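Just below is one structure, and these are the notes that go with it.
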C-alpha cells in the first residue's frame, strides 16, 4: 500500500503532485514538500539504518539536523554520491535514489548484527584493552577488520561534477534562524533601514511554526499560520533584507565573522548547469542575532533505540508539516508539557494516544487539555523497556518514586507502534559557544543557556531557554531592534504582539531510567552506540572530565555532533559522580554546526585558480620556440628549448655551448623586483644587506646577500642605484614575496624613522638576459639610443637606453660568467623586444636557453642559488663569500655571525666535486661520506647541492656543502649513489674562468 | 594491576564490566616530590612513566591544569614518522619510532599504532632535491625512507591523481613505510595508567601558578592546590611553555601559534596511508573510525586561544581537493585548534635551563605527537641524571646562543 501513513489533508506538502523515489532498490512515492524521511514514514518505512557499532536496527529519531539514525547514501550517479546524508534534511525530488548504510547484506538481515549479540564483550574502549597480541596482527588482521566494520557510508571515488562558489558580504545585522524569534528580529532590524541577512537551514522560513497545529494559540488575534504569512509578506518589502533559506550558519569566528552554507541545487532533480551546487557565504556582521531555537532531548531508558521510538517534536513535525501519522497506537513519554502538543495533535489525527508522564503532578494547561480530550495520562510513571524487532511493538512502563527512580514492582506493557519521547529541551547554543560565549547551567530550566558573551551578538527565543511563543516574539523584536541600534540605526517603534497560548507547567528531568533486568542497555548517543552503561564504565575507570568521557566512549562524536546526546550524557555522568552538572563542564562546541562540504570550503579555488599561475610576458614566445616549462614558485619558467629529436640533456648541452661560445638569451622576468625610494634608501640597504651601500654611485649595481637574524643567508640579488634616492632591488624568484614582507616588517616595526618606500615592480618589467661573448653585438644591433660600450657600461653598471625603439634599462650583469646584459623593458613590450633581439641575434647564433642551462652555467662559475646551495643553515662564510660581508658596518644577522659555532672549522663549506667517473652525475641531495661502504648509521660530512654534466668541461661536476670543505680540496670522498656510493674529488667551487676575464669582456 | 587482554575483557563481561579498576588514582598532592612534571600531556606522562620504569624514580608528580592529554596530545593529526633530515633529528625521532613499535605491549594498552606508511609528495625539481637529500640521509642513518616515482607512489596510494594537467603534478615521492598513525588519546591514557601503577601521582585540575627559585635553584612549584616542593622540575607545557618558564624567570625563544586540524564524517576505508605535501601544503590520513583526518600549517598570528580562522580551513581543503578531487563531496565534521610552541630552528629544546633543577622539554612546534615516546624517554633520563641523554644532548637551549642549530625548517627553503 502506498503512503499508508499519510493523512488525507493538512501539512505543507503538495498532494496534487506525486514524486517517485527509490530507497534500497525499492520504489516509493511522496509529494513535493516532503523530506526523504517524511516520505519514507508516509510509506510506513521505519527501519532505515543500522547503528555504528552494534548494528542495531534504527528508525528516525528526529525530523531535523539533529538526526543520528536516519543516514543514507544519496546515489544520483555521474559522481554525485553523498555518504551520511541525514534523510531528515533531504528534500524529496523526483528520481531520488538513496541507499541505507553500514550493513552487510540487507538492512533487515545485516550480518554484522552479530555485534549486538557480542555487546557484552564490546563495552566502551574495548579496543584499547585487546588486539595487542601478537603485535604484527594489529596492522595486518585486527585493524583492517575494525576499519572495514567502522565508517558509515562510502566516500566518492569519482571527481565531483558540481561547482561551489563563495560570496563575501558584510551586513549590519545577521539573524540566524527564521523561526518566530528570528523573523521578529529580522523584521525589527529591517524596519530601521539596516542591512539585514536572515538565514535558516530549512527550505522555508517559519521554524517551529511550520510544525505548529496552532491549537489554542493566537498572535495578534490570528492563528500562528496567518501571522507567519503576514511576516513573510513583510520580508519582501524591505529592500535591504536578504533572506537565505536552505542556508546553515555553520561557524561563528572571531570579529563577528561567520560562515554560512547555502544549498543551492541539492533539492533539484536536474540542477541547472549555470548554478553552483552550494554557496559559501563569508559574512562580516556588525551585529548578530542568534535565534537558533532548541532541540528536544530524548529519554534514556532501556531499549530506547527501536525504530518507531522518536522525539515527540519529530512526530508533531511529521504530522503537521508533512501530513504523516507516525503511529496509530502511540505512547508519549515525557517529563515536559511540550509533548502534550504531540499527544493532542496525533490524537486529533486519529491515533490512540497514551501519555506516560514522569512527573507526579503535572499542572500545565496542555495537561488539562489532554485530559479533557480523553487521553489516558499515567502520572509518575516512566518507560523502562521496549519490545519489537524492526519497529517498536510494546513499551514497558513502571511507577517512579519522587526522585524519578523506578519503584520495583509491576511493569506494565503498553502495546504501541510508536513511542514519542520528550526529556525537555536543549537551547541550540552552538554558535554562541563558538563565538567564545560562556554557557551557564540554568537549574530551573535544566538546560545550558547563553551566559556572558564575547562578541557583538544577542540570543532570542528558545536558544536562550525562552520556551513560549510570546517570549520568542518579544525577545526577537527586542534583539532585532537593539542590534540595529547598536549598528547605528534609529529604532523603529513596534508594539509587541499579543500572544495567547497555553501556560506551561514546570519541567522535571529524569536523566536516566534504568530497568531492573541485567544486561539492559539505555542509549545516550544513538549513532555511536554509547549507552548509559558505557558512561558508567568510563567513570568507573577514572574518566571524570566530560572531555575524557567523550573521547573514551565517543559520546557526542557522531555525525550529529551530539545534538541529542551531549547534555544527557553530561547529566548522567554528573549523577554517576554525584556532582552538579556545571562542575562536569560542557564540551566545547566547534565549527561546523552541521557537516559542511569540503568542496564548498574550497569554492572556486581549484585547478588553475588553486594557486594563480604566473606567466611572463614572453611565455607565449617561449611556447612558440618549443619550450618545456617547469614550476618555480607560482611561475611557469622555460626549462629548456628542445629542437626536434633532442632530449633534455642534448638541448641543455647545446644551450650551454651557445652561451659560452656565442650568445644566449634568457627570460629573467621572474626575479623579484622591488622599487625602493626615499631619502634613507642607502641606509636601509646598509642594514638589510651584508655589504656597504652608501657609496654606490648612481647607475652602479652591486650584488648583495641578505641574512636573517640568525646569520643565515636568506636571499640574494643585484641592486642598482637609479638615483640619489632611488634603488632597484632584485630578489630570487621564489623569495620575492617573502623578501618584500621581510623588508616591510623591518621598516614598519623596527625602523619607522627611516623614510623608505617599497613597491613591488616584478610584474612591471620584462627582463631579457643576453649572455655570451656576442651579447654586445646583438644588443648593439637593436640599440636605438644609448651607449653600451665597455667603457660606457662596464660590468655592474646600468644605463637608461632604448632598445628597438622601446625605452629600456640595460644592466650589465652576468649570472653565467660571460659578458652579459639584462634588458629591462616595460612588461607589455617584453615580447616585442624579445622578438627583436632574437631576430637581431640570428647572425650571431643566438640561442634561447632555459632555467636548466642557466643552472649549469652559473654552477660552472660557482655562483650559488639561494635555496639550492643554501637551506637556511648556511652563512656567507660557509659559501666563501666573506668578500660580500662588511667588517665595519652593522647589518641584520651580523651579531649571529660571531656566535661560536659560526666560527667552527667543521662547518659545512661550499666546494666543488669532480666525480672520478666523468660520466657519473651524482644526485642533487646525495650525501657525502668518508668511505665507499660506510657502516650504518654512517657519518655524513656533507651533501651535493647542485650536480650537472658540463658541456664546457666535457664531464660531470657538482657543488657541495662539505664539513671543513675548504681544507679538503684534493681529497677523495664518496657520495651516496643508488644503493651504493660513487667516488669524487673535492675541488674549489669555480670550474670556469676563475679570474673572470670573460665577465669583463 | 589488572592486565588488559581478551581474557580479562571476557572475564569482566561476565560481571557486566562492574569490576574494572580506575586507570589511575586521583591522589591529593603530597608536600613534595623528587620530580615534579608540569604538564599532563603525552610527553609529560611518558616522561613520568620512563622515570619510574627505567630510572626507578617513583616519587614523581605530574601536574595538569585541566585534564590529561587535553592539549596538543588530543588535538593533533596522529601522524608518526622519523624521516627527518638532520642526524640529530633522525636519531631523536627514530628513537621514538622504535619505542612506538613496541608501545602497545610495553604499556599493555592498545595505542593502535598503525604503520600504514607516510608518503611525502614532490611536485617540482626543488621538492625532488629535498626528497632525495632526505632519503639519502635517512638511509645512511639507518632510517627507512625510499624515493618513489610518481607511478610507484600511485601504486602505494591509488587515490593519487597523476594527471599532468593539474596545477602541481606529482613528480615523485618519499615513502617511509614504518611511518603511520596512532590513537592519540590512548597514548596519554596508556602512559598515565602505566605511570600510576608504578607509583607516580597524576594530579589533574592542578594549575601551576609559580616556580619557587632560591639562589638560582628551583625548589618547588606554587599551584592552585598549594605549594609542592620538588627536587627537580620538568616543564612540558607545550604551547604554554614560555608562560611556565617565565615563572622561573627564563625567557624561551618560542612563539606560540594556533594550529588547526579537521576531520570528515566517517566513511568506509577510502584512504590507505598518510600523504603529505609541502608544496601544496596539507596532509591527510583516515582514522580507524573512518574519518579523514586533515591538517596543514599554523595560523599566522601568535595566540594562546585554541581556535583559528576559517581561511586556514579553506586553504587546507583547497589543497586537499587539489591533491584528491574525489573528496570534494565529503563533509567536514569537526575542526579545532591547538597551540604549538615554535622555536627559530623548528627543533625542540630538551634539557637544562639557566635555573638549576628546572628542566624544559618544549618547542616541538607542529611535530610533537610523533616524538612522544622518545621525548619522554630521553627527558626522563635528563631528569633522573641531571644531564641529557646522548640523543637529546644536541637539543639544548644554548644552541640559540652558540649557533649550533638543528634547522629542520631547511626543507622549506625556496627555489631560485
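Odds and ends about this structure:
- For segment A:313-439, the relative contact order is 26 percent, taking Cα pairs closer than 8 Å that sit 6 or more residues apart in sequence and dividing their mean separation by the residue count.
- Mean residue ellipticity (222 nm) of chain B, computed from DSSP H runs ≥ 4 via -39,500 (n - 2.57), nearest 500: -8500 deg cm²/dmol
- Peptides A:319-326, A:886-893, A:93-100 ranked from most to least packed by the mean count of surrounding Cβ atoms within 10 Å: A:319-326, A:93-100, A:886-893.
- Cα centroid separation - segment A:784-811 against segment A:543-579, whole Å: 76
- q = 0.17 Å⁻¹, segment A:90-207: log10 I(q)/I(0) [Debye, one scatterer per Cα]: -0.99
- Cα pair distances in segment A:521-588, grouped into 5 Å bins until the bin that holds the longest one, percent each: 4, 21, 35, 27, 11, 2
- Among beta bridges from DSSP that stay inside the protein assembly as shown, the antiparallel ones total about 75%.
- Once you reduce segment B:346-416 and segment B:256-299 to the center of their Cα atoms, the two points are 26 Å from each other.
- Dimensions of the protein assembly as shown from C-alpha coordinates, computed as largest minus smallest value along each principal axis and given longest first, are 112, 74, 59 Å.
- With a 10 Å cut-off around each Cβ of B:311-319, the average count of Cβ atoms from other chains is 6.
- Take each residue in A:536-545, count the other chain C-beta atoms within 10 Å of its C-beta, and the mean is 6.
- Mean separation of Cα contacts under 8 Å (6+ apart) over length of chain B, as relative contact order %: 22
- Solvent-free Debye calculation, one equal scatterer per alpha-carbon of segment A:904-1001: log10 I(q)/I(0) at 0.23 Å⁻¹ equals -1.17.
- Cα-based equivalent ellipsoid of segment A:1-158: semi-axis lengths in Å, sorted from largest, via gyration tensor: 36, 17, 12
- Chain A - mean residue ellipticity at 222 nm from DSSP helices (-39,500 (n - 2.57) per run, n ≥ 4, rounded to 500): -5500 deg cm²/dmol
- Summary of packing: across the peptides A:137-150, B:23-36, the per-residue average of other C-beta atoms within 10 Å ranks them, highest first, as B:23-36, A:137-150.
- Counting only other chain Cβ atoms within 10 Å of each residue's Cβ, the peptide A:871-877 averages 5.
- Reciprocal of mean inverse Cα separation for segment A:672-760 (Kirkwood radius, Å): 12.8
- When the alpha carbon gyration tensor of chain B is reduced to an equivalent ellipsoid, the three semi-axes, largest first, read 35, 26, 19 Å.
- Equivalent ellipsoid dimensions for segment A:409-542 as semi-axes, Å, which come from the Cα gyration tensor, largest first: 39, 22, 11
- Radius ratio Rg over Rh of segment A:631-729, counting only Cα atoms, Kirkwood formula for Rh: 1.11
- Compared with the dominant Cα axis of chain A, that is its longest principal axis, helix A:339-348 is turned about 60°.
- Distance from the Cα centroid of segment A:478-517 to that of segment B:209-232 is 51 Å (rounded to whole angstrom).
- Helix B:184-197 and the longest principal axis of the Cα set of chain B meet at an angle near 20°.
- Relative to its residue count, segment A:464-520 spans a Cα convex hull of 116 Å³ per residue.
- Value of Rg to Rh for segment A:87-128 (Rh from inverse mean 1/r over Cα pairs, i.e. Kirkwood): 1.19
- The Cα-based radius of gyration of segment B:156-210, divided by its Kirkwood radius, gives an Rg/Rh of 1.34.
- Sorted peptide list for A:664-677, A:558-571, criterion being average Cβ within 10 angstrom, highest first: A:558-571, A:664-677
- Angle of helix A:736-745 to the longest C-alpha principal axis of chain A, folded into 0 to 90 degrees and rounded to 10: 80°.
- In chain A, Cα pairs under 8 Å separated by at least six residues give a relative contact order of 9 percent.
Quick note: the coordinates plus some simple rules give every number you see, no bench work behind them. Just so it is clear, the model here is predicted, and its values are computed rather than measured. No Cβ is skipped: glycine too gets one built from the backbone with ideal geometry, and neighbour counts run over all protein chains shown.
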